[in-house]
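The values are calculated or read from the model by the stated rules, or taken from the named source; none is laboratory data. On a predicted model such as this, the values are computed, not experimentally measured, just so you know. In this analysis, Cβ positions are derived from the backbone assuming ideal geometry, glycine residues included, and neighbour counts consider all displayed protein chains. Keep in mind that these areas ignore ligands, DNA and RNA; they rest on the heavy atoms of the full protein, side chains included. Shrake-Rupley method; radii C 1.70, N 1.55, O 1.52, S 1.80 Å.
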Amino acid sequence: MAAIGWRSRSGRNAGRGGPSQGGIYRIDTNGFHERYWTAPDEAIYSMILLSDGDLLAGTGDKGRIYSISSPNHWKLLQKTSDGSQVSALLPDTAAAKQYYAATSHPGKIYRLNFTLATNGTYTSKAFDAKQKSFWGKNSSRR
């Protein structure tokens, strides 16, 4: 079965008044279609097929971007900080493996880079032990 097109479909959960779900359907050359992947309680607003065969899907109200390699293998790649709708996903023609995500409500453009980071910083909230405590490094050796 050759995938020649992708169609995003949003709607109510089988007419039962459940949460809105977005579905991606794979359509073959004969017009037969099958549900390929379903977004977890989100409407799909945009998609782009990557050169490696993976599919990027941008969602509505939660502003998430998923990478889908097969119906059972997908991951959340990015989430917009303000929950805006990912209206369009476009390749960056000047740089390989980089893409743009255009959002609405509010309108913004994000540049996505899928290469691994060389460094990072993790900042946590302050922790109050509420008692006299000694903090340090565990130096026990075996």
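Just give me the residues in the stretch 87-96 being in a loop (DSSP other than H, G, I, E, B) and of a type in the set (G, A, S), in sequence order. It would help to see each step written out before you state the result.
To start, the set of residues in the stretch 87-96 that are in a loop (DSSP other than H, G, I, E, B) comprises 92-96.
Passing the criteria: A94, A95, A96.
One residue is enough: does the stretch 34-44 have a residue meeting the conditions under 19 Å from I109 (Cβ atoms), surrounded by 13 or more Cβ atoms within 10 Å (Cβ to Cβ) and at pLDDT 90 or above?
Taking the stretch 34-44 first, the residues under 19 Å from I109 (Cβ atoms) are none.
No: zero hits.
Any residue at all in the stretch 73-94 that's among the charged types (D, E, K, R) and under 15 Å from P40 (Cα atoms)?
Step one: list which residues in the stretch 73-94 are among the charged types (D, E, K, R), which gives 75, 79, 82, 92.
Subset that is under 15 Å from P40 (Cα atoms): 75, 79.
Yes, the stretch 73-94 has at least one match.
Would you confirm whether or not the stretch 79-86 contains a residue that is part of a loop (DSSP other than H, G, I, E, B), on the phi > 0 side of the Ramachandran plot and in contact with a Gly (Cβ under 6 Å, 6 or more places away or on another chain)?
The first filter runs over the stretch 79-86 and keeps only residues part of a loop (DSSP other than H, G, I, E, B), leaving 80-84.
Cutting the leftovers down to on the phi > 0 side of the Ramachandran plot gives us 83.
From the residues that got through so far, the ones that are in contact with a Gly (Cβ under 6 Å, 6 or more places away or on another chain) too are 83.
There is at least one residue in the stretch 79-86 that is part of a loop (DSSP other than H, G, I, E, B), on the phi > 0 side of the Ramachandran plot and in contact with a Gly (Cβ under 6 Å, 6 or more places away or on another chain).
Which numbered condition in (1) farther than 18 Å from I24 by Cβ; (2) under 13 Å from the mean Cα position of the chain (by Cα); (3) not small (G, A, S) is the only one that R111 fails?
With respect to (1) farther than 18 Å from I24 by Cβ; (2) under 13 Å from the mean Cα position of the chain (by Cα); (3) not small (G, A, S), R111 is out only on (2).
Select from the stretch 107-124 the residues that are part of a loop (DSSP other than H, G, I, E, B) and surrounded by 10 or more Cβ atoms within 10 Å (Cβ to Cβ) and list them in ascending order.
Matches in the stretch 107-124: G107, F114.
Looking only at the stretch 45-65, which residues are part of a strand (DSSP E or B), over 12 Å from G22 (Cβ atoms) and either of a type in the set (S, T, Y) or open to solvent by 10 Å² or more (accessible area, probe 1.4 Å) (or both)?
I48, L49
Within the stretch 62-101, restricting attention to residues that are touching a residue at least 24 places away in the same chain (Cβ under 8 Å) and among the small types (G, A, S), which residue is farthest from D52 (Cα to Cα)?
So, considering only residues that are touching a residue at least 24 places away in the same chain (Cβ under 8 Å) and among the small types (G, A, S), the one farthest from D52 (Cα to Cα) is S84.
Could you tell me which residue of the stretch 66-82 is least open to solvent (accessible area, probe 1.4 Å), considering only residues that are under 12 Å from the mean Cα position of the chain (by Cα) and over 14 Å from I24 (Cα atoms)?
Out of the qualifying residues, it is T80.
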